[in-house]
1. Inspect all residues belonging to region 89-97 and state whether any of them is loosely packed, with under 13 Cβ neighbours inside 10 Å, part of a strand (DSSP E or B) and at pLDDT 95 or above.
2. Give region 315-328 a look and list any residue that's closer than 19 Å to ILE364 by Cβ and either at pLDDT below 95 or assigned to a strand (DSSP E or B) (or both), or say none.
3. Tally time: how many residues in region 151-179 are within 15 Å of ligand 2 (Cβ to nearest atom) and either open to solvent by 20 Å² or more (accessible area, probe 1.4 Å) or among the small types (Gly, Ala, Ser) (or both)?
4. Output the number of the condition that GLY274 fails; it satisfies all remaining conditions of (1) part of a strand (DSSP E or B); (2) out of contact with any Leu (no Cβ under 8 Å at 6 or more places or on another chain).
5. For the condition more than 21 Å from MET374 (Cα to Cα) and surrounded by 22 or more Cβ atoms within 10 Å (Cβ to Cβ), what is the one hit in VAL289, VAL309, VAL301?
6. Output yes when any residue across region 159-180 is assigned to a loop (DSSP other than H, G, I, E, B), of a type in the set (Asp, Glu) and over 22 Å from GLU252 (Cβ atoms), and no when none is.
7. Are any of the residues in region 269-286 open to solvent by 50 Å² or more (accessible area, probe 1.4 Å) and either of a type in the set (Ser, Thr, Tyr) or within 16 Å of ligand 2 (Cβ to nearest atom) (or both)?
8. Report, by residue number, each residue of region 187-203 that is surrounded by fewer than 16 Cβ atoms within 10 Å (Cβ to Cβ) and either touching a His at 6+ places or on another chain (Cβ under 7 Å) or basic (Lys, Arg) (or both).
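The values are calculated or read from the model by the stated rules, or taken from the named source; none is laboratory data. Computed from a prediction, not measured in an experiment: that's the story for all the values here. Cβ coordinates were reconstructed from backbone atoms using ideal geometry, including for glycine residues, and neighbour counts include every protein chain displayed. Keep in mind that these areas ignore ligands, DNA and RNA; they rest on the heavy atoms of the full protein, side chains included. Shrake-Rupley method; radii C 1.70, N 1.55, O 1.52, S 1.80 Å.
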Amino acid sequence: MKRHANGDRPMVSRRSLLAAAGGAALGFTAGRIPLPAAWGEPPAGEQAKPSLMTLVSRPYDAETPVQAFTTWLTPNDQFFVRSHFGPPPPERVDPKTWRLRISGLVDRNLSLSLDELQAFDPVTLTTVVQCSGNGRAFFRPRVPGAQWQKGAVGNARWTGVRVADLLRRAGARPEGRHLQLLGADRPVVAKTPLFHRSVPISKALHPDTILAYQMNDEPIPLLHGAPARFIAPGWMADACVKWVTDLTVSHEEAPGFYMQTAYRHPTGPVKPGGEIDHAGMKPVEEMVVKSLIVQPAEGAVVARGPVTVEGVAWTGEGRVVKVEISVDEGRTWEVASLVGEDQPYAWRQWRFEWRPAQPGGSTIMCRATDDRGMTQPMTSPWNPGGYLWNGIDRVEVEVRA
Ligand SMILES: Nc1nc2c(c(=O)[nH]1)N[C@H]1C(S)=C(S)[C@@H](COP(=O)(O)O)O[C@H]1N2
Ligand SMILES: [Mo]
């Protein structure tokens with residue numbers, strides 16, 4: 001049995017597990033979640049997607065090859081997959097018996113069937129879903145955890161109901177500060193913390209925050225959170241809890257490891273490789289501006305004539321306003337055209353006609369800027385979780401003589 005440094009499943013010692021379970025909050029610590037002697041058979045429905053690159057097979061974590069990002073919407077069968085424990089057994093998310101419970105600081109506890117959920121006004125929106133650990137492989141010094149490169153991201157259309165409508169029906173009380181989220185998935189190892197998450201109530205009540213039941217106009221596939229998934233548009237995917245069963249209005253953030261230790265980001269500058277205490281960290285929330293070169297592919301041999309360079313660019317709750325290309329290591333930049341659909345939270349496709357000046361090796365770089373003036377750095381600041389990488393993307397090509 002291999003012990004992989006798997007997942008953006010955080011590194012955790014027994015001591016910090018117990019402490020986290022007791023509500024105490026620690027920084028990152030060394031050690032591993034103990035793996036069972038055997039993972040057993042993957043649950044039904046946990047089938048590998050042939051077009052993805054597998055990082056971990058059980059539970060299945062796989063990224064999309066960048067060359068697949070040629071369409072505005074990422075098809076469900078090409079959408080990256082990540083979860084800490086794998087999907088729940090299908091009977092726990094059976095659309096006929098599944099219930100959504102809403103409780104905590106509410107006037108009435110609710111328990112809704114899928115039909116009852118779908119009776120609320122539907123909302124459809126498109127958003128990028130991106131793992132906080134996307135690009136972790138590029139941090140130096142190296143950060144342990146799944147070595148996601150570029151493809152732990154995708155852009156999908158989600159249909160569901162406003163979380164604000166659900167909370168209004170339950171009579172959420174004004175003193176509620178956070179909405180805690182829990183799904184039907186359970187750890188493979190006893191005593192491992194649940195994937196218990198929360199968002200501030202302001203994000204939960206935002207009219208674009210939905211509990212989705214469709215992904216790209218199909219019922220959400222099991223791997224992506226069937227039958228209902230929280231979608232916090234513009235935020236990192238760890239807020240987008242899959243297989244949701246419980247929404248709890250609370251005074252507090254969700255307790256436990258996955259909210260209090262993992263997915264936290266330094267509030268200030270950090271010495272690379274250093275440790276930070278809990279007070280110096282805040283939860284990862286919004287996405288940062290980022291772009292990828294989709295064509296030409298890394299290592300491609302291109303003709304000397306005009307070369308079409310294309311890709312995608314996205315940001316958090318703002319809009320991408322500019323994408324620039326450099327072929328001289330960032331000394332000079334030229335503006336690319338933004339093409340296709342322009343919608344909040346979604347990614348924007350872009351295109352650039354490049355006329356290589358001479359044959360031989362060339363590096364193409366792209367840099368996006370959003371409407372708040374945020375732009376991509378050459379490399380992202382090191383942080384102990386290896387989160388929020390948005391360093392400028394680069395692709396090396398060979399221009400034929
Ligand atoms: N219930 C549950 N929801 C979850 C997770 C999980 O382990 N359990 N993983 C989160 C993380 S870390 C990511 S990156 C996204 C991945 O979503 P996807 O598999 O649909 O791409 O789901 C999020 N929602
Ligand atoms: Mo993630």
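1. No; the residues of region 89-97 include none that is loosely packed, with under 13 Cβ neighbours inside 10 Å, part of a strand (DSSP E or B) and at pLDDT 95 or above.
2. Result: VAL320, LYS322, VAL323, GLU324, ILE325, SER326.
3. Number satisfying all stated conditions: 3.
4. In the conditions (1) part of a strand (DSSP E or B); (2) out of contact with any Leu (no Cβ under 8 Å at 6 or more places or on another chain), GLY274 misses (1) alone.
5. VAL309
6. No, there is no match, as no residue in region 159-180 is assigned to a loop (DSSP other than H, G, I, E, B), of a type in the set (Asp, Glu) and over 22 Å from GLU252 (Cβ atoms).
7. yes
8. Answer for region 187-203, where residues must be surrounded by fewer than 16 Cβ atoms within 10 Å (Cβ to Cβ) and either touching a His at 6+ places or on another chain (Cβ under 7 Å) or basic (Lys, Arg) (or both): LYS191, PRO200.
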